[in-house]
Amino acid sequence: MKVVAGPASPGLGARVAEQLGAPLLPLETRTFPDGEGYLRIHGAVEGEEVLVVQATPTAGDVVALLQLLDASAGARRRTVAIPYFGYARQDRQFQPGEAVSARAVARAIEADPVFTVNIHSPQALSHFRAPVQDLDAAPLLGERIRRMGLRDPIVIAPDDGAEGLARRTAGKGEWDVLEKKRLSATEVQIRPKECAIQGRDVVLVDDMVTTGGTIAEAARMLQRQGPRQVLVACVHPVLAGNALDKLHKAGVPRLITTDTLERPQAGPIPLEVASVAPLIAEAAKKRR
Ligand code: R5P
């Protein structure tokens, strides 16, 4: 198998190749003066098994993925790993005339198989024409958290949507989900449903931190209940705008995350990155 790391996933692609002991094919990209992108895979792909790794956080990254698939069309088998599948939010039509973006992108991807990682909307998986498998990075996050030597840790989901992720991240450890209680017409309290957190290390976990609003608010509420510290973990570090500043201001000392999106370390709080490369490499090996 030969690996191609797309422009959105150069580090992860290289790590997947290393895990597989497979060659990483050099990629050339440049931009024409009018803004159009050029892409070329160097090295033979004709008749080979090729694994393309490319996240799609932006429209340009989606186009690059389509170019990668076109450039590798002569391969005997094309496996595609999309570690962060952007355009998974709009997975159905709520109003007439709306594009089902997840369907539009998913249908354009011709490969066998396609791997995604903790896709935002599992409903989006039904739109792929290609065989698709959503991989779960929760055990990797959990392992990283366990290695941090936290004091009496508890993993907490900020809402019901992240409940499964919190449970799988905690593994055999304790986990809970936040519950919003209305105290009066003007006051709400957000606190864990079951567990007390005083003096404990809390890890708030969500599938992604985008603007940071959800998790910063949850962290702030939890700080009032006397934990030793509130850390945050997420699979996808989307980190739009000043998301890390928001976490920092909410007293979060670090973010435990993965490399489904490649982010620089420089910022107001450090990132603890668990790579999803072993997850993708294992899945690719199994499907051979
Ligand atoms: C929501 O459905 C997701 O699981 C995340 O909670 C959300 O995308 C986080 O967004 P933000 O960081 O902008 O609050």
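The values are calculated or read from the model by the stated rules, or taken from the named source; none is laboratory data. Because the structure is predicted, anything quoted here is derived from the model rather than measured. When we count neighbours, we look across all protein chains shown, and the Cβ atoms used for this are built from the backbone with ideal geometry, even at glycine. Note: areas computed on protein heavy atoms with side chains; ligands, DNA, RNA excluded. Shrake-Rupley method; radii C 1.70, N 1.55, O 1.52, S 1.80 Å.
General remarks:
- By accessible area with a 1.4 Å probe, ligands and nucleic acids excluded, highest first: order of His236, His120: His120, His236
- Carbon + sulfur, % of accessible area of the stretch 138-259 - ligands and nucleic acids excluded, 1.4 Å: 46 percent
- Virtual spin-label span in nm between Glu282 and Arg76, 7 Å along Cα→Cβ: 2.7 nm
- Label sites at Gln189 and Arg254, each approximated as a point 7 angstrom past Cα along Cα to Cβ, lie 3.2 nm apart.
- Ranked by the mean number of other Cβ atoms within 10 Å of their residues, highest first, the peptides 189-196, 252-259 come out as 252-259, 189-196.
- Dipole check for the chain: with +1 at the C-beta of Lys and Arg, -1 at the C-beta of Asp and Glu, and the Cα centre as origin, the magnitude is about 620 Debye.
- Count, lysine Cα pairs under 23 Å in the chain, 8 or more residues apart or across chains: 7
- Around Pro278: net Lys/Arg minus Asp/Glu count, Cβ-Cβ under 13 Å: -1
- Alpha carbon centroid spacing (whole Å) that separates the stretch 107-174 from the stretch 253-288: 12 Å
- In this structure the chain gives 47 Å² per residue of accessible area when probed at 1.4 Å with all protein chains present.
- The chain: calculated mean residue ellipticity at 222 nm from DSSP helix runs of at least 4, using -39500 (n - 2.57): -7500 deg cm²/dmol
- If the segment from Glu272 to Thr211 were pulled out straight at 0.36 nm per residue, it would be longer than the present Cα-Cα gap by 20.1 nm.
- Taking the charge dipole of the stretch 43-195 about its Cα centre, with +1 at Lys and Arg Cβ atoms and -1 at Asp and Glu Cβ atoms, the residue from Val177, Thr56, Val132 reaching farthest to the positive side is Val177.
- Packing here is the average count of other Cβ atoms within 10 Å per residue, and on that basis the peptides 75-83, 215-223, highest first, run 75-83, 215-223.
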